[in-house]
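Since the structure comes first, as structure tokens, the remarks are kept for the end.
The values are calculated or read from the model by the stated rules, or taken from the named source; none is laboratory data. Because the structure is predicted, anything quoted here is derived from the model rather than measured. Ideal geometry is used to build each Cβ from the backbone, glycine not excepted, and the neighbour counts take in all protein chains shown. Protein only, heavy atoms only, side chains kept; ligands, DNA and RNA dropped before computing areas. Shrake-Rupley method; radii C 1.70, N 1.55, O 1.52, S 1.80 Å.
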Amino acid sequence: MFTASEFVLFALACLLLFAGNSLFFLGELSGRPTARWAAIGWLGYYPVLFAALLSFPRVRRSRGERLRFWLDAATVLVGGGIVLWAVVLGPIAARAIAGSGGGTVWLSLAYPLGDLVLLFGIALIVLRRRYEPENWSFGLLAAGLALEFGGDLAYGVQTLAGTYQSGGLGDAAYLSAWCLRGVSAYSFHRMVGESVAASGPRIAWSPLPYLAIVAAYVALAMGWQSAGRGQLDGLFFGGGVLTVLVLGRQFLTVRENLRLSAANEVRRQEARFRGLIQHSADAILLLDGDARMHPQTPSVARLLGRSIEDVAGRPWQELFLAADLPRARALLTQAAAVPGAAGPVELRLRHPERGFATAEAIAHDLSGDPEVRGVVLTLRDIGERKALEAELQHRALHDALTGLPNRTLFLDRLEQAGNRAHQHGYPYTLALLGLDDFRVLSERYGHAAGDRVLVEVARRLSTEVATVDTVARFGGDEFAVLLEMEAAPARALAERCVQVVAAAPLALGGAAVTLTASLGLAASEPPASAAGQEGEEILRRAGLALLRAKELGKGRLEVYSHQQRATSEVRQQAVAELRTALERGDIRVHFQAVVDLASGRIVGAEALARWQHPERGVAIPPAEFVELAESAGLLGALGRQGRVEAFR
């Protein structure tokens, strides 16, 4: 948990550095030397900063994780120390031993040593992020410390070479470091009161120890050529310590990897066993030589709706419904006679709540196995599969909106009725009902209102028709009713269907709308062909009767007659001829003058369409073909051709 107390030492370290800088600048402005007093603040900054870095809260880690963490931190510290020794500390120490520069040179040794605190702080922050939640505040703080370390390193090298100038790269690094610290402090301030491990620990690979090792050995290689004897001793000593740390870290890594591999294998085997047995969806029972059950998996209780104790020791015959016992015995007999698995066989199991549960049974006779000594019966619950199959079958054969049988199911039942009529002479009647002006109603009140109308009509028809008969939605606004009865009672029932549709107004869009329907009725006749062809024929007859009912008005019933068949064929022939005339351009335009009676002058012309029939040889007036074009959906094409001819 982050609290404000973690930042007190951090603020004190910054205050000491600020005090040192202030004393130094006052001395520069006043002309009096104050560098030694300023050094107190500068040198005090490092230990206080070190204490501040250690005060940040950390997540709990195991003993092995802590040991690896501190080995990595020590590796970074020693590797960075070797680089510092080669670049700054070694030359400064050589000058101090030689007596060049007096006490000032010895004092200057303290600053690179303080940089080791910065380096150790960077290691602590970067390495801890392998185990703790992702936090940009730590990253910004580490970046600021790294820039400060780089600035100190650049300042030391330039000072030794006598090339330091204010405002260079080192000062830019210092300025950038303090900016990053400010952003980091603001981010930490927003985190006060939040848990360190709120988002869970993270374990990631960090390249920092490896970079420190590479940098250290590069410094050793370069120092071999240019460093003096005293500097080489320090480099070799640091290299030896670094090598010991690397070997120790690798030893811990190998040991931990071996331990983790062994533990992972054990956990994998245990998880596999638990997954196969404890969480198996299949119920496994062992049937002993006395035909008694011994449950082997917890799923037995879920499948049978009974406790394991209630099932254990009971005869296996109690598992199944009486009607399925013969098939269960046959399964066990087959298992005893044939090596390997017998089944699968669908069986119904007794269930105290649902009555029965459907399962797929497989039997293995392992009576000869001394570790088993019985028959292993595996039961797989297929209740959901059977329910899904039934639901899919229902959806395939029923209308999704009204729930009535759809065209496919209706045609199947119509074929069955035809078979019964063909074989036994049972009569049946087909009623085809279509809503009047349904398209106009749907366009006026919306498609949702149209759906409500269809659902309500389906309800009214289902209420009126007996359950032995079939009401189906045939498509669009049409419903079909299969009445397995004589023609006279079938007609009476069909008339009630027309009446029940219009029985009560339906509220649509704030208005009470009275529905009407037209109905075509066709009765079966002694079939002269197969039952399937008879069903198609009676369906065509009912359609012709419905078409005739709609032509004669709304809300009426028409019974099929052979005259309707002849009229329909003539009409179909006329529609085909009109379609051909439109394609061939046989529609001509005759112009009739419009005369002003007062002046006797022609003021306009009226375009009149005429059908030049190739067989009749005369121009057919529009009164004979416009209505035909409208009913056949050819009125638009007729109008377009008339306009083309008129403006040609």
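For residues that are small (Gly, Ala, Ser) and outside any helix (DSSP H, G or I), scanning just the range 454-472, find the one that is surrounded by the most Cβ atoms within 10 Å (Cβ to Cβ).
Ala472
Can you pull out every residue in the range 257-310 that is in a loop (DSSP other than H, G, I, E, B) and not charged (D, E, K, R)?
Selection gives Gln278, His279, Ser280, Ala281, Gly289, Ala291, Gln296, Thr297, Pro298, Gly305, Ser307.
Considering only the range 280-295, state which residues are open to solvent by 60 Å² or more (accessible area, probe 1.4 Å) and touching a residue at least 24 places away in the same chain (Cβ under 8 Å).
Those that are open to solvent by 60 Å² or more (accessible area, probe 1.4 Å) and touching a residue at least 24 places away in the same chain (Cβ under 8 Å): Ala281, Gly289, Arg292, His294.
Here's a check for you: in the range 298-326, which residue that is of a type in the set (S, T, N, Q) and open to solvent by 30 Å² or more (accessible area, probe 1.4 Å) is farthest from Arg348 (Cα to Cα)?
Ser307
What about Asp324, is it in contact with a strand residue (DSSP E or B) (Cβ under 8 Å, 6 or more places away or on another chain), without any contact (Cβ under 8 Å) to a residue 60 or more places away in the chain and not in a strand (DSSP E or B)?
Criteria met by Asp324.
Please work out which residue is surrounded by the most Cβ atoms within 10 Å (Cβ to Cβ), limiting yourself to the range 142-156 and to residues that are more than 14 Å from Leu124 (Cβ to Cβ) and in contact with a Gly (Cβ under 7 Å, 6 or more places away or on another chain).
Gly151
When you check Leu153 against the structure, is it within 52 Å of the chain's Cα centre (by Cα) and at pLDDT 70 or above, yes or no?
no
Across the range 548-584, what is the number of residues that are assigned to a helix (DSSP H, G or I), at pLDDT 85 or above and hydrophobic (A, V, I, L, M, F, W, C)?
Total meeting the criteria: 1.
May I ask you to say which residue of Gly80, Gly90 is modelled with pLDDT of 75 or more, part of a helix (DSSP H, G or I) and either over 58 Å from the mean Cα position of the chain (by Cα) or within 24 Å of Met222 (Cα to Cα) (or both)?
None of the others qualify; the one that does is Gly80.
Let me spell it out: the conditions are (1) surrounded by fewer than 23 Cβ atoms within 10 Å (Cβ to Cβ); (2) hydrophobic (A, V, I, L, M, F, W, C); (3) in contact with a Gly (Cβ under 8 Å, 6 or more places away or on another chain), and Ala517 meets all of them except one. Which number is the exception?
Against the list (1) surrounded by fewer than 23 Cβ atoms within 10 Å (Cβ to Cβ); (2) hydrophobic (A, V, I, L, M, F, W, C); (3) in contact with a Gly (Cβ under 8 Å, 6 or more places away or on another chain), Ala517 comes up short only on (1).
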